[in-house]
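All remarks here apply to the structure that follows.
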Amino acid sequence: MRRLALILCLLAGPLWAVEPGEILDDPALEERARDLSKGLRCMVCRNESIDESNADLARDLRLLVRERLVAGDTDDEVIDFVTDRYGEYVLLRPTLTGSNLILWAAGPVLLLLAGGVAAVYLRRRASAVPEGGDLSEDEKRRLDEIMRS
């Protein structure tokens, strides 16, 4: 029974990141706050959302999101407020606009470019191989000298 309780505690750990004092009374607002929190990065934990993180900064961000929702902001206004304050790095899924679009496209474009360069190199290399595979007399003599050394 203790093992089961321990397993449940370990599995439910991230669920306890949101403390009871943070939860809003309105279930609809709380649902929106949880959805928004899942898309915001904890600046301390890096690859964890603020909804899952126990860091103090994540708690502050969760409270900030809830404050903005209680104040009547829409989801987009809350996200804009947080990104204006902390930069676009706070988003777990960055936007596909501006310089981010270049970063998103750079990987596939470079992969295709490298594949094209490799194909051209291999095609030229294959055409540069002489048809006759036999060695000339000079080459045979030079090979014999190398093998004897």
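For the pair the range 49-75 / the range 93-149, the C-alpha centres are spaced 52 Å from each other. The packing ranking, built from the mean of other Cβ atoms within 10 Å per residue, places the peptides 37-44, 68-75 in the order 37-44, 68-75, highest first.
By other beta-carbon atoms within 10 Å, ranking 86, 121 with the fewest at the front produces 121, 86.
Read-outs: derived from the displayed coordinates by stated rules, not from any lab. Here the structure is a predicted model, which is why all the values come from computation and not from measurement. Note that we place each Cβ from the backbone using ideal geometry, even for glycine, and neighbour counts take in every protein chain shown.
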